[in-house]
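The structure under discussion appears below in the form of structure tokens.
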Amino acid sequence: QFQLVESGGGPVQAGDSLRLSCLSSLRTFSTSAMGWYRQAPGKQRELVATITSGGGTNYADSVKGRFTISRDNAKNTVYLQMNSLKLEDTAVYYCNVKVGLYDYWGQGTQVTVSS
């Protein structure tokens, strides 16, 4: 078994920046695609960004140009740099990895954006 531990969330004002981190104990981290998802109150969990083992990235339209996903394989960590935060970015942000047929999730970190 392994863990995904998110950190870096918190309360911010609109227009501010935050960087989320997800530390993984997955032994195959460097060869695994990683993702960030978020879930706002009363809404379904949605994809924010993904990064392949080779560094290829994909973003939800709502965050393109504002968020950047990256990874440091030496630290077994994936990051989400969030700039120009908006009220609608308020959510619990989850780190994700797919291993075989299964999805694994961290415990989530709350991001709250206020005006």
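The values are calculated or read from the model by the stated rules, or taken from the named source; none is laboratory data. Source: prediction; values computed, not measured. Don't worry about glycine lacking a Cβ; one is built from the backbone with ideal geometry, like all the others, and counts go over all protein chains shown. Quick note on the areas: whole protein, heavy atoms, side chains included, nothing else; ligands and nucleic acids left out. Shrake-Rupley method; radii C 1.70, N 1.55, O 1.52, S 1.80 Å.
Data for the structure
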item: Rel. contact order, % - alpha carbon contacts under 8 angstrom, at least six apart, the chain; result: 36
item: Accessible-area composition of the stretch 1-110, carbon plus sulfur, in percent [1.4 Å probe]; result: 48
item: 4, 87, ranked by accessible area, largest first (probe 1.4 Å); result: 87, 4
item: Span from the the stretch 3-67 Cα centroid across to the the stretch 77-115 one, whole angstrom; result: 4
item: Of the trypsin sites (Lys or Arg not before Pro) in the stretch 1-56, those whose Cβ has at most 16 other Cβ within 10 Å and which sit in DSSP loop; result: 27, 43, 45
item: Descending semi-axes in Å of the stretch 48-115, equivalent ellipsoid built from Cα gyration tensor; result: 22, 15, 11
item: Inter-label distance, nm, simple model (7 Å from Cα along the C-beta direction), residue 28/residue 88; result: 3.7
item: Anisotropy class of the stretch 1-106 from Cα gyration tensor, a/c 1.5 cut; result: prolate
item: Nearest-20 debye value, the chain charge dipole, Cβ charges on Lys, Arg, Asp, Glu; result: 160
item: Surface per residue (accessible, 1.4 Å probe) for the chain, Å²; result: 54
item: Backbone HN-Hα couplings from phi across the stretch 31-42 [Karplus 6.51/-1.76/1.60, Hz, Gly and Pro as x]; result: 10, 10, 6, 10, x, 10, 10, 9, 9, 8, x, x
